[in-house]
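Reviewing the structure listed below.
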Amino acid sequence: MNTLSRILALTTLTAALASTSVRAEDVKAGDLVITQAWTRATPNGAKIGGGYLTIENKGTTADRLVSGSADVAGKVEVHEMSMDNGVMKMRALDKGLTIEPGKTVKLAPGGFHLMMFDLKNPLKQGDKVPVTLEFEKAGKVAVSLDVQAVGAQAPGGGDHSGHGDHSGHMDMKKM
């Protein structure tokens, strides 16, 4: 192989790797596309953490996020937070979260989210947390949550909502 061929092969390989890494955060599972997967850093000793992501259903039938698991946590549940007469309530979605065909569902602070219980170690800003999501139709899907700053409200550390962090969640009981 001559020098020009080697340079061309190396350039092609580098371009392929670069385009793959740019799309690494998007995960496709059947008709679902999962993007913007992230979590917040947790202080030492914290036993819970939240997981956030966006799920788009590009198919013609509904799917349902039924559960999750992660090596970093003893248990992962799908939760919903809502306001009821001025009181913030949180509950596990025992039947999961439906993603209707042609719709996008955002798991974000103050709404639908993943709850990671019994954290084995603190989540540290800059790390990636592997999580397996389980869907009724798409099956098990591996995603990686990017760990943002404590109190972050969006991927990239932006706080656009004015809501506080999730740390008060520790004392709340399931409803």
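Residues that are of a type outside the set (Gly, Ala, Ser), modelled with pLDDT of 95 or more and open to solvent by 70 Å² or more (accessible area, probe 1.4 Å) within the stretch 135-175 comprise GLU136, LYS137, LYS140, listed in sequence order.
Conditions (1) over 15 Å from SER69 (Cα atoms); (2) in a loop (DSSP other than H, G, I, E, B); (3) touching a residue at least 12 places away in the same chain (Cβ under 8 Å), marked per residue:
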residue: ARG91; (1), (2), (3): yes, no, yes
residue: VAL105; (1), (2), (3): yes, no, yes
residue: GLY110; (1), (2), (3): yes, yes, yes
residue: MET116; (1), (2), (3): no, no, yes
residue: LEU123; (1), (2), (3): yes, yes, yes
residue: GLY126; (1), (2), (3): yes, yes, yes
residue: THR132; (1), (2), (3): no, no, yes
residue: VAL141; (1), (2), (3): no, no, yes
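Among residues of the stretch 34-54 that are in contact (Cβ under 8 Å) with a residue 40 or more places away in the chain, those with a beta-carbon under 6 Å from a residue that is of a type in the set (Asp, Glu) and open to solvent by 10 Å² or more (accessible area, probe 1.4 Å) at least six positions away or on a different chain give the pairs TRP38/ASP146; LYS47/ASP118.
For the residues LYS106, LYS120, the requirement of being at pLDDT 95 or above, more than 17 Å from VAL143 (Cα to Cα) and not aromatic (Phe, Trp, Tyr) singles out LYS120. Could you tell me whether any residue of the stretch 62-73 is under 19 Å from GLY151 (Cα atoms), under 14 Å from the mean Cα position of the chain (by Cα) and either part of a strand (DSSP E or B) or without any contact (Cβ under 8 Å) to a residue 40 or more places away in the chain (or both)? The answer is no; no qualifying residue exists. Candidates SER82, SER19: the one that is modelled with pLDDT under 95 and open to solvent by less than 60 Å² (accessible area, probe 1.4 Å) is SER82.
Condition first: at positive phi and open to solvent by less than 60 Å² (accessible area, probe 1.4 Å). Can you find one or more residues in the stretch 27-36 that meet it? Scanning the stretch 27-36, I find at least one residue that is at positive phi and open to solvent by less than 60 Å² (accessible area, probe 1.4 Å), so the answer is yes.
Restricting attention to the stretch 115-137, the residues being closer than 18 Å to VAL27 by Cβ and touching a His at 6+ places or on another chain (Cβ under 7 Å) number 0.
For the stretch 100-112, the condition of being under 22 Å from ASP146 (Cβ atoms), open to solvent by 50 Å² or more (accessible area, probe 1.4 Å) and among the small types (Gly, Ala, Ser) holds for none of the residues.
The values are calculated or read from the model by the stated rules, or taken from the named source; none is laboratory data. A quick note: this is a predicted structure, and the numbers were derived from the prediction, not measured. FYI the Cβ positions are ideal-geometry reconstructions off the backbone, even for glycines, and counts take in every protein chain you see. Surface areas here come from the heavy atoms of the whole protein model, side chains and all, with no ligands, DNA or RNA. Shrake-Rupley method; radii C 1.70, N 1.55, O 1.52, S 1.80 Å.
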